[in-house]
Amino acid sequence: MIQFFKDVKIDWLANRRAFIVVSLLLMLIGLASAVIRQAVPGGTEAFNLGVDFKGGTVITVQFRQRPTAEEINRAMTKIGVKDAIIQPVADKADQDLIKLPQQGSGEGQNQAQVDIGRSEVKKALDEAFGPEAAHDKDLNSDPQAAYKILGTDAVGPVAGRQLRNQAIAVTLLALLGILAYIGFRFEWTYGAAAVIAVFHDVLVTLGFFSIFQWEISLTVIAALLTLVGFSVNDTIVVFDRIRENRRLHRRESLYDITNDAINQTLSRTVITSGLVFLSVLAMVLFGGEVLFGFSVALLIGILFGTYSSIAIASPIMVWWQKRVEAANLRTPPVARSSSTSAARPASPRPRAGARRAGA
Amino acid sequence: MKKKNLLQRVIIIVVITLVGLYIVIGPRHRPTRSDFTWSGIKNSLRNNIHLGLDLKGGSHLVMRVKTDEYLKRLADGNALAAEKAAKDAGLPIKGARANTTGGNYQVIVEANDGSQLQAIRDEVQKKTDLNDSSVWGASTSGNTVTWSISGTAQRYLSQQAVDQALKIIDSRLNAVGVVEPVLQTHGATGSNQILLQMPGIQDPERIKSLLGSESRLELVHVISPPSPSPIQKYATEQEAIQSLGGTVPSNRRVVPYFDRDEPTAGGGAQQPSPDPNAKKPSSYVVIEVPSVVDGSELRNASAINSRGGGTDDYQIQFSLKPNGAQKFGAWTGANINEYMGVLLNDQIKSIAFIKSQISDSGEISGRFTKQSAEDLAVTLRSGALPARIEYLEERTVGPSLGADSIKAGVTASLVGLALVVSFMLFYYRGSGINAVVALLLNMILMMAGLIIFGATLTLPGIAGIILTVGMAVDSNVLIFERIREELRTGKTVASAVEQGFARAFVTIIDTHVTTIISSLFLFVFGTGPIRGFAVTLVLGLVINLFSAVYVSRTIFIWLLNREGRRPDALSI
């Protein structure tokens, strides 16, 4: 039998302060990147939002002979489009992305935005480089053609705003659902700890996206949702073991039980996360440009999702659960079930405890 | 575990597997031998799995019906009718106007004095749509009567306009033969949006202008001295207004006249013209409001080659329904030698004088090209859109781009799968086979599920599959690790397997239900890609409970019940 971890006895919770500090630092760095980028005028923005969320037009063009970015820019300027961004596709030597930013921001701009893109670019390229391949032909089968528009994404400001709000709202709702279910199956402190951990993972991942200015598109949102799933999954495996151990060893402290649970599930954690990490690494390496944002978000997310179930969710749950249990213990049953405790001057402590637990 | 139980389990699994496999690779028609060759299977597979536009190629359009325009037109029209009704009845009013600012849609009639207010209100309601109390709420104050459309009625009317637009768009798509379009309302209720997906269409320009064309046709009386005097035209809008004494009365309108211009199928102001000079109206004319007949009275419209014109000189021939024909006949009979104009989307396309009574047919000339004439005929036949539409989102994916995405997704998935499979076999040895069988079965059944529910496979959907594979492996790892743990405590193999499954099952249920709950939120409240992700994920997880727990368990039962097995050995 091959066994990676045998009878590990690591005191994970002893390092809780270090874990929390590391996580806070990571989140702060990401936040700082976002804030500074947003604050510095004329620079980049907090996040490099794609057209899906910001509005604008992206056109993928395949050239027979790829011109330089300056040449394309000159062609665009010639017909009056000034701030086009030309971005070569990394893994395709003959393709370029031509990005036209959002035109204006009023409601009436929707139409203009969605309409100008393709026809403007076509006009500019036709003039500068020669005709586009015919409708039903690709570049190889049309010897006259100089280029071919492979795809367009034009999103008006209204649709962009809508997609952005929806992505945020839906993620928050999903988190609420998770909170409710874990609260129902375990204790609400478990649920809260799991959700805090997931929040942490999403924030850290977004921080990376701000620092490296990777583009955030709809598929990146799908990746964030995936990592929410993974992270909660990981956390529940540990929590489940804690719940089981508490039933078996009623005398042991929550601290020890949690450490044991993490240690007992450690090999499953490492194997599962390791396997998924490897599959996602395959996506980063072989998935090409299309899947890059998606895979890199997942890669970071899995790393921190695994880390956070051990380093964030568990310590927070232990800390919180201890306070709640202590408060319950100190509160006599009578006082808990009725409001008379407040009227009893002889026992001020339960009240203080209850208040602290509720805070 | 008893043998009988095992047999039952095996039968269930084999049947489900075969059915799933057939759904995925079998043809939808009565199978022939060629369907089970390699190319036959590949062909069926292609037909069975619906790829999303991002993988297959095509156009994705989100549009909004400008329902505010529709409501405004409703208020404007009724204000006009109200004024006419009051004046016809000889009731003293200062005027009627529509107020369509700040989200209000109101018709306001101002009387000379308050005494006749009730009579005016009754008379106007008798003659106009303002009578419809489900839409219009009337109130009086001082010298005015105000009818306004309540918020609820606004929403209801907007919904109606969107529904009508959907029908019209559908008939226009049918008329030009777009294959398998997806057409549905989109976004939150009240956002008045429509989603249109057209597989295989790479350049949606023509369809866009065809759908965007409002095609509001009216036949109107042009105010001019009768023939043989020439038509009274004005060089500028101001000049035309001056001729009316500086203000346009409510029964007159000044509209541009495109004399012999070449209109496009899109027509109207919404299509930016490539050459601004060509679109400048040559002159303006004054017309009478309301129109003689409008597009709702059309029976048919078709494009025909103009007499004596070149091959690229087309015109539209139209005929009217009996009701419209009657109105039209009566009017033309009474107005011989007057000028009549064809008003299309608020522009005069052609003017002719009336030689004799015309009853049910007419022509729109205007040097159309063949395609623009045909497209215009299509839009006229389908009826006028209740309001213009604007495009919020346009995405097109060429087939090669989609193929690249598939290739990237499939390569990455296969490499990932290979890694997972080899690790499981290496680490868990014999039991690793269990995991691999469960994993493959999960993939097959997931595809079958997608096909059964008619779901489309999109790029985010592939993400859902990857997460499912992750969770499927996780289930196996959980179970195996647990069995190993139980074995270490000195249990017999049989009871370790039993305990391992029982304990791990609790965890598996919790992780799966949590993820399913969160994906249900995504499915219910999300659209497009988010939804595609949720569908594959929920499907994959439900199937996983079968493949990773039930199937894997059955394999263990079989292993433990084999003849001649050493009872204390388990390859794990």
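The values are calculated or read from the model by the stated rules, or taken from the named source; none is laboratory data. Bear in mind that the values here come from a model prediction, so they are computed numbers and not experimental data. Here the Cβ positions follow ideal geometry from the backbone for every residue, glycine too, while neighbour counts run over all protein chains shown.
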* **Residue count, the stretch B:59-84 (criterion: more than 30 Å from B:ARG121 (Cα to Cα) and of a type outside the set (S, T, N, Q))** => 7
* To do: Quick one: count up the residues across the stretch B:68-92 that are over 18 Å from B:ASN345 (Cβ atoms) and outside any loop (DSSP other than H, G, I, E, B).
  => 13
* Evaluate the following for A:VAL324: is it assigned to a helix (DSSP H, G or I), at pLDDT below 95, within 14 Å of chain B (Cβ to nearest Cβ) and touching a helix residue (DSSP H, G or I) at 6+ places or on another chain (Cβ under 6 Å)? => no
* Structure fact -> Residue set B:SER139, B:SER115, B:SER133; condition in contact with a strand residue (DSSP E or B) (Cβ under 7 Å, 6 or more places away or on another chain) and at negative phi; output residue B:SER139
* **Options A:LEU225, A:LEU266, A:LEU173: the member that is free of Cβ contacts under 8 Å to residues at least 12 places away in the same chain and touching a Phe, Trp or Tyr at 6+ places or on another chain (Cβ under 7 Å)** => A:LEU173
* With respect to the numbered conditions (1) surrounded by fewer than 22 Cβ atoms within 10 Å (Cβ to Cβ); (2) assigned by TED's automatic domain parsing to the domain that holds B:LEU343; (3) outside any strand (DSSP E or B), which one is the sole condition not fulfilled by B:HIS221? -> (3)
* Structure fact -> Condition set over 25 Å from the mean Cα position of the chain (by Cα) and away from chain B (no Cβ under 14 Å), scope the stretch A:83-97, selection surrounded by the most Cβ atoms within 10 Å (Cβ to Cβ): answer is A:ALA84
* In the list A:ALA124, A:ALA145, A:ALA128, A:ALA167, which residue meets the criterion of being of a type outside the set (D, E, K, R), touching a residue at least 24 places away in the same chain (Cβ under 8 Å) and not assigned by TED's automatic domain parsing to the domain that holds A:ILE86? -> A:ALA167
* Asked: Tell me, which helices (runs of 4 or more DSSP H) lie completely within the stretch B:110-214 with 3 or more residues that are at pLDDT 90 or above and buried (at least 20 other Cβ atoms within 10 Å of the Cβ)?
  -> B:151-176
* Given the conditions (1) within 11 Å of chain B (Cβ to nearest Cβ); (2) more than 19 Å from B:LEU478 (Cα to Cα), which single one is not true for A:ASP256? -> (1)
* Checking B:ALA448 against (1) at pLDDT below 90; (2) surrounded by fewer than 24 Cβ atoms within 10 Å (Cβ to Cβ); (3) part of a helix (DSSP H, G or I), which test does it fail? -> (1)
* Take B:ALA352 and decide whether it is assigned by TED's automatic domain parsing to the domain that holds B:ILE223 and farther than 25 Å from B:TYR284 by Cβ. => no
* **Those strands (runs of 3 or more DSSP E) lying entirely in the stretch B:324-440 with at least 3 residues within 41 Å of the chain's Cα centre (by Cα), at negative phi and away from every other protein chain (no Cβ under 14 Å)** => B:339-344, B:347-353, B:361-368
* To do: Can you tell me which residue within the stretch A:3-49, out of those that are among the charged types (D, E, K, R) and surrounded by 13 or more Cβ atoms within 10 Å (Cβ to Cβ), is farthest from A:ILE85 (Cα to Cα)?
  => A:ARG16
* Asked: Looking at the stretch A:186-198, is at least one residue among the charged types (D, E, K, R), in a loop (DSSP other than H, G, I, E, B) and more than 10 Å from every other protein chain (Cβ to nearest Cβ)?
  -> yes
* Single condition B:VAL497 does not satisfy, out of (1) at the interface with chain A (Cβ under 9 Å from one of its Cβ atoms); (2) closer than 19 Å to B:PHE556 by Cβ -> (1)
